[in-house]
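Asker: There's a structure below that I have some questions on.
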Amino acid sequence: MDDIHGPLYRLRGAEQVVGLEVRGDGHTWDLWVGGGTIVALRPAPPAFADDSDDESDGDGGNGGNRGRGRGRGSDDDVPTIDCSGLVVLPGLVDLHVHAAGDCGELGYADRGPEATLQDLLNAGVTTFVGVLGRDAVSRGPAALLAKVRGLAAAGGITGLCVSGAADGRWPPASATGDGLRSDLELLSEVAGSGTYAVSDPDGPTAALSPSELLRAAQDTLAAGALARKAGLVYCSLGPGDAGLDPLRDLVLRLPTVAAGAAAGNGASFAGGALSRLLPSVGSPRDAAAGADDLASWLADGGRLNLSAGGPGAGGGVAGCVNACLYLLRAVTRGSPAKARMARRGSGGGGDDGAAPLPLRGDASDASESALGRLTVSSGAFAALPRAADGPPASQDGRPLLRSARPEALLEVVRRLCLEHGVPLVDAAALATVNPAAALGPQGEGKGRVALG
């Protein structure tokens, strides 16, 4: 470890290390982190199990409390962080963050806050994709790009963004001023375009016409292939009766995208154009399409993002958790995996008592692969709708701003695991390996705990 540049730390005695698999099996784990990478991962020596009470040198008499110390078991006096009873998770990958803030229903009086580095890191997010809301003028693509670059430059986080906005404008706004193709090809941070309204006839902004949406998708996919990016087409699924049918029609009209056009994450891009569309919905119950239609989309090779930042009974963290459980059951209904996974035990897998199934796409079973294309995002810093009886007020009479928070992402993982019996490695995949796979080459090495 002598060739490591920068401080070296030891994470001692972690109960589990979650990456592509759970490492546990009755013993604890030590990790050495230095120079921004994991340089070693190995089982903790048994002697460490009982030495925390004696540990006092180097941490101000902190004893067995968790924190930085220089325990007698540390290699070469490497500063040590006691992780006894804790779980090491990869940094979360959030595909939908209003990093430059959002504009709510009250216009300029309702401008939400911008993201801060501390907000994101405290929520466990180390990779994010910035998006724009309906205001693409005062907070346009150039401002979003500058914000993304500023957060990344502060360190400890990877920032990406999409070209365009959710304002229904044609042609979409762009950071370069020369269209979304130029953004995707020339700006390394741009991962796709959007967000485009789908099946939302009564939405706050006009949806693109079918021909405009086709052109936007064509440009995004073509530029993404040239720039070796996923070229994701962000869509917001509304409550209209058409459901996902407009996107199914779009796929039929799009040119075939070669599986290797944006090679980088292997099988993640074998689905062609279908795998580049990313519809987002607060809850299957919010869309007339319903869970079955969303599950069919996943089974056919599409990706689907569930937002944990929406308001109301059908949205937010609770709605997102329920949506995950609905889709889990719908996708696996009648599949060979259902009987196999049922043998794991009931474990509180939802209202019907069925055992939860893996939410990863690294297995051969078709249903598991479909669930591997399911992701969760926070929608952080998006302005939330006001109550029907008017905006709440603070004590001094000014409007009380409400915006989605990045902590919602980890809360979804926590509830799926602790309240519904979904294995931690599978629940975490929704916010780690699955969104990293959706990002293609730009997501390489993200969402997993691995050496180097």
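Computed from the coordinates by the stated procedures, all read-outs in this text should not be read as laboratory data. Keep in mind that this is a model prediction, so the values were computed, not measured. Cβ placement follows ideal geometry from the backbone for every residue including glycine, while neighbour counts extend to all protein chains displayed.
Asker: Measure off 7 Å from each Cα along the Cα-to-Cβ vector at GLU15 and ASP300, then give the distance between these two points in nanometres to one decimal.
Answerer: 4.3
Asker: I would also like to ask the following. Contour minus end-to-end for ASP241 and GLN118, with contour as 0.36 nm per residue of separation and end-to-end as the Cα-Cα distance? Walk me through the numbers on the way to the answer.
Answerer: Working: separation 123, 0.36 × 123 = 44.28 nm, distance 4.07 nm.
Additional length available on full extension: 40.2 nm.
Asker: Nearest 0.05, what FRET efficiency do GLU212 and ALA40 give at R0 = 51 Å with Cβ-Cβ as r?
Answerer: Details: r = 52 Å, r/R0 = 1.03.
The computed FRET efficiency comes out at 0.45.
Asker: Taking the Cα centre of each part, how many Å lie between the range 417-452 and the range 130-176?
Answerer: Distance between centres, Cα-based: 24 Å.
Asker: Moving on. Taking neighbour Cβ counts within 10 Å as the exposure measure, how do SER211, SER403, SER174, SER193 sort from fewest upward?
Answerer: Details: SER211 10, SER403 19, SER174 24, SER193 29.
So the residues, fewest neighbours to most, are SER211, SER403, SER174, SER193.
Asker: Using amide H atoms built 1.01 Å from N in the peptide plane, name the residues 5+ places from ALA230, or on other chains, whose amide H lies under 5 Å from its own.
Answerer: GLN442
Asker: For the pair ASP77 and LEU186, what calculated FRET efficiency results from E = 1/(1 + (r/R0)^6), where r is the Cβ-Cβ distance and R0 = 56 Å, to the nearest 0.05? Could you put the intermediate results ahead of the total?
Answerer: On the way: r = 48 Å, r/R0 = 0.85.
My answer for the efficiency is 0.70.
Asker: Using a 7 Å offset from the Cα along the Cα-to-Cβ direction at both VAL87 and ALA318, what is the distance between the two label points in nm, to one decimal?
Answerer: Between VAL87 and ALA318, the label points sit 2.3 nm apart.
Asker: Ordered by residue, what ³J(HN,Hα) values in Hz, to whole numbers, does the range 113-124 give under the Karplus form 6.51 cos²θ - 1.76 cosθ + 1.60, where θ = phi - 60° and Gly and Pro are x?
Answerer: Result, rounded to whole Hz: x, 7, 6, 10, 4, 5, 4, 6, 5, 5, 8, x.
Asker: Taking amide hydrogens as modeled 1.01 Å from N in the peptide plane, which residues meet the under 5 Å criterion relative to ARG405, leaving out close sequence neighbours?
Answerer: Hits under the 5 Å cutoff: PHE381.
Asker: Using the Karplus curve 6.51 cos²θ - 1.76 cosθ + 1.60 with θ = phi - 60°, work out ³J(HN,Hα) for each residue of the range 436-452 in order, rounded to whole Hz, and write x for Gly and Pro.
Answerer: Coupling constants for the range 436-452: 5, 5, 4, 7, x, x, 6, x, 4, x, 9, x, 8, 9, 8, 4, x Hz.
Asker: Here is a follow-up. Near the amide H of VAL125, under 5 Å away, which other amide H atoms are found, from residues 5 or more places off or on another chain, if H is placed in the peptide plane?
Answerer: The answer is LEU92.
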